[in-house]
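Peer 1: Sharing a structure, written as C-alpha cells. Questions coming.
The values are calculated or read from the model by the stated rules, or taken from the named source; none is laboratory data. Computed from a predicted structure; not experimentally measured. Positions of Cβ are generated from backbone atoms using ideal geometry, with glycine treated the same way; all protein chains shown enter the neighbour counts.
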Amino acid sequence: MDVKCWFWKRVKKPKYITSQNELLIFYAQCGTCGELFRTIIRKNSELSQNFEQENTYEVHKELIGSYCPNRIHVHLWLSQGLKLLKQTVTGGILLTEEEYTRLKEEKNA
Ligand SMILES: [Zn+2]
C-alpha cells in the first residue's frame, strides 16, 4: 500500500449529524455573524419521506439567530439508516460536534 492510499483511509468523513434516541442533532454557524446553533430534529415528526428517491428522508430547517437578521436555510437528505446523503446550506455552514464545541469554548474564553 502506498503512502497516499494509507492517508486517505485514515481521513474520516465529517460527521454533521448525531443520532440520539428519537432525536437528530446538528450544529451550524451563521455566515454573517458567526453565531453558533445546536438544532434538534424530532425523528417522529420532523423527518419527511422523500418521494423522489425511495427510503430516504428530507429535513428542512430555517435558523434565525439572535444577533443578526441573517437566516440560515438547512436542507438535509438522509438515508433510511439516517446517514447524511447530501446537504445544502445557505447563509451559514454545518459544523461537526467537535468544531461546535471548540468554537463555543473560544467564544466563552
Ligand atoms: Zn447571524
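Peer 1: Strands (runs of 3 or more DSSP E) wholly in segment 11-109 with at least 3 residues that are more than 16 Å from the ligand (Cβ to nearest atom) and not hydrophobic (A, V, I, L, M, F, W, C) - which ones?
Peer 2: Answer list for segment 11-109: 17-20, 48-50, 56-64, 84-90.
Peer 1: Pairs, please: C-beta under 8 Å, at least 6 apart or cross-chain, first residue without any contact (Cβ under 8 Å) to a residue 60 or more places away in the chain and in segment 42-63, second assigned to a helix (DSSP H, G or I)?
Peer 2: Val59/Glu46
Peer 1: Continuing with this model, one more query. Can you run down the residue pairs with Cβ atoms below 6 Å, 6 or more apart or on separate chains, where the first is in segment 74-86 and crowded, with 16+ Cβ neighbours inside 10 Å and of a type outside the set (Gly, Ala, Ser) and the partner is in a loop (DSSP other than H, G, I, E, B) and modelled with pLDDT of 90 or more?
Peer 2: Correct list of pairs: Leu84/Tyr16.
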